[in-house]
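Novice: Let me begin by handing over the structure; questions about it come next.
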Amino acid sequence: LRAATWSEFDLPNALWTIPAERMKRGREHVVPLPRQALALLDELRPLTGAYQLLFPGRGRGDKPRSDTVFLMALRRLGYEGRQTGHGFRHIASTTLNEHGFDENHIEAQLSHVKEGSAVDRDGGCAAGIENRGKALGTESGVASLFLDDRPRPSRPRAVKISKTRYPVNRKAAPLK
């Protein structure tokens with residue numbers, strides 16, 4: 001996510017296509033986006049849309065944030081030693097399995113492709129992406145399992161986003 005570029009997102013079709021060179025198995029990965037993710041991208045666009053990257057680094061902005069940026073955010077939110085960025089994948093898998101979602105859809109969403117599976121045979125392409133998207137939240141709102149039922153801290157700890165760090169006065173290029 002930290003190295004994602006705005007050009008990877010097809011917001012009208014609610015898809016994020018991660019290029020093969022950034023994936024562990026060397027295969028392009030298509031992620032259907034739930035409405036909550038689309039809303040967050042809309043909020044982020046005015047802050048970083050003038051850059052190629054969603055999360056540009058502090059310097060020139062052509063390199064992504066440090067690989068520890070999300071870990072530091074979790075620390076500031078009070079989750080130090082209890083949660084990592086990668087740990088959210090495990091939480092999502094466990095929760096979706098507990099709620100009876102199709103294991104094949106869950107594994108495909110996490111880019112866990114079993115050797116010899118239909119997804120493996122078709123090269124991990126977007127075949128079935130519509131069904132996967134519907135099953136995992138684009139239409140059913142399953143993302144609310146994670147967003148609506150989370151415990152609310154009595155005093156929220158926010159990570160301050162400084163608008164002065166990014167040139168918000170520059171026009172962001174429209175997404176395709």
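Novice: Counting only other residues whose beta carbon sits under 12 Å from that of Pro64, what net charge do I get with K and R as +1, D and E as -1?
Specialist: +4
Novice: Gain in length, His90 to Thr5, computed as 0.36 nm per residue apart minus the alpha-carbon separation, to one decimal in nm?
Specialist: Full extension of this stretch gives 28.1 nm more.
Novice: Suppose each label sits 7 Å from its Cα in the direction of the beta carbon; what would the Glu107-Asn13 distance come out to in nanometres?
Specialist: Output for this residue pair reads 2.6 nm.
Novice: Could you derive backbone 3J(HN,Hα) for region 58-75 from the dihedral phi with the Karplus parameters 6.51, -1.76 and 1.60 (θ = phi - 60°), listing whole Hz in sequence and x where the residue is Gly or Pro?
Specialist: Residue by residue, region 58-75 yields 6, x, 6, x, 9, 10, x, 4, 4, 5, 9, 4, 6, 5, 5, 5, 4, 4 Hz.
Novice: Assign one of three labels to region 2-103, namely rounded, prolate or oblate, based on the Cα gyration tensor with a ≥ b ≥ c the square roots of its eigenvalues; rounded applies when a/c is under 1.5, prolate when it is not and a/b is larger than b/c, and oblate otherwise. It would help to have the intermediate numbers written out before the result.
Specialist: Numbers: a/c = 1.58, a/b = 1.15, b/c = 1.37.
Judged from the Cα gyration tensor, region 2-103 comes out oblate (a/c at least 1.5, b/c at or above a/b).
Quick note: the coordinates plus some simple rules give every number you see, no bench work behind them. Here the structure is a predicted model, which is why all the values come from computation and not from measurement. Note that each Cβ is placed from the backbone with ideal geometry, even for glycine, and that neighbours are counted across all protein chains shown.
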